[in-house]
2 protein chains.
Amino acid sequence: MRHPTTRRNVLLGTAAGAALAATAMTAMAPSAAAAPRGGAKGPRIGILLYDGFSMLDPTGPTEVLSRLPDATVTMIAERRGPVRTDTGDAALLADRSLKEVDRLDVLLVPGAGPRGTEGAMGNERLLDWIRAIDRHSNWTTSVCTGALVLAAAGLLDGHKATTHWASASYLQDHFDVTYVPERYVRSGKFVTSAGVSAGVDMSLYLASLLTDEDTARAIQLGVEYDPHPPFDSGNAAEASDELKRRALELLADSEASGS
Amino acid sequence: MRHPTTRRNVLLGTAAGAALAATAMTAMAPSAAAAPRGGAKGPRIGILLYDGFSMLDPTGPTEVLSRLPDATVTMIAERRGPVRTDTGDAALLADRSLKEVDRLDVLLVPGAGPRGTEGAMGNERLLDWIRAIDRHSNWTTSVCTGALVLAAAGLLDGHKATTHWASASYLQDHFDVTYVPERYVRSGKFVTSAGVSAGVDMSLYLASLLTDEDTARAIQLGVEYDPHPPFDSGNAAEASDELKRRALELLADSEASGS
């Protein structure tokens, strides 16, 4: 069965009632959709990509933050072009190089597997850029082992922070950082989040900081973030050693050797 | 504070105990990380990208499914190269063109904003390819309005399915499909999920179907998916008309006009 469809039909049912439909149809008219976005008004959000990053770390927050009114979200890497994930399966495009970006309202540093994390922690050009951006940012944030990269740049000294559960001891032992086992942690202008998927939770919090709670709630509804995982095994504090071992094996086995 | 770091240190604390560390260190040794992946053994998972897709729809499932033992996850589009999201802010790289892929164990069709969804629903080359792949797939799946694309290909006739809340009536009214307001819905070999973020929940379910529950649980722990959003507004069934209106406005305003 196939039917002709119009723009206003696809995303609009009748269940929500005529008032909703009328308003939303106006909002979805071509003139509104074609309006220029991300002018000087909205927050400039930059996401730093580096070889071996974990796919969900930058993309979960991008989904949320790119819905903020007038926001721009820009993928940035040492060089423009594709940057491949830890598993090697996929690549995101960096639209700007480090040299092309010298000011951001929000910096987000994603995490990676061991290869990518160590690569970023030892990359002085990357760390210099992070420090330079942080000098003027309103919020400097991370997902997963991105906190280790911020720490390696010397930004988290004296702060509390979180990271992937398997990197918690490393963060605490090697830096002047107090690890807090929460989904995301704010300490001054630094907001760090736990492993991989925690970036989605953090980005809704960031959305509320950048606008207001009502806007963040509307974005949550827009991306239908009403999580119901089929299992309840995401919390390391409740996991058996056996499950942790298996999780680390799967992460290690899925990491590509890199280019 | 900066310290030299070795691969086995970054992702391994001491808290989990010596047994865990010893096992995981072995798993993370360079020889294991460099082992060839995704041979004939594991599932071939293909994700169809098209202009205007929503970022989290393909990337959440990619994060989960690329952790499956020996799996390959491949980004596929009409042509190889960057495919840009609905907001225009970012692009994922398609590594294969439709012509280069004629067999998949799992097909995943992401959703998009109105522009992208309509574009895909009206693209006969895309729909032909979807039908051809579905003829041999073990699982044909969708996230968000990807269900409308599967329906437009004629695959969901007589099935129950889910989609983004704002597209539910459209799906039900225009196709021989029974909409079910759940996070993900299995009907025969079709697994559809609700809006955007629901793909993460669905992909853990798929992981358990493709392997076993223990493996899916370990992946959930690996990506630390223990969701705690700061707000509770992700469920459309509990949302006010005002919040729905605002959510649709934000989605519409953030959609780029396309290339």
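Here are some notes:
- Student exercise, segment B:44-222 dipole from Lys, Arg, Asp, Glu Cβ charges, in Debye to nearest 20: 240 debye
- Shown for B:E238: label points 7 Å from Cα along the beta-carbon vector, and their distances to the equivalent points in the other copies, 1.7 nm in ascending order.
- Starting from the label point of B:R135 at 7 Å along Cα→Cβ, the same points in the other copies fall at 6.2 nm, in ascending order.
- Residue pairs, from the table A:K160/B:K244; A:K99/A:K189; B:K99/B:K189; B:K160/B:K244; B:K99/B:K244, whose Cα atoms sit over 30 Å apart: A:K160/B:K244; B:K99/B:K244
- At most 15 other Cβ within 10 Å, DSSP loop - trypsin sites (Lys or Arg not before Pro), segment B:96-166: B:R103, B:R135
- Between copies, the label points of B:D105, set 7 Å from Cα on the Cα→Cβ line, lie 4.5 nm apart, reported in increasing order to one decimal in nanometres.
- Each Lys and Arg Cβ is given +1 and each Asp and Glu Cβ -1; about its Cα centre, segment A:140-259 then shows a dipole of about 280 debye.
A short reminder: the numbers here are calculations on the coordinates, not readings from a lab. A quick note: this is a predicted structure, and the numbers were derived from the prediction, not measured. Backbone-built Cβ (ideal geometry, glycine too); neighbour counts: all protein chains shown.
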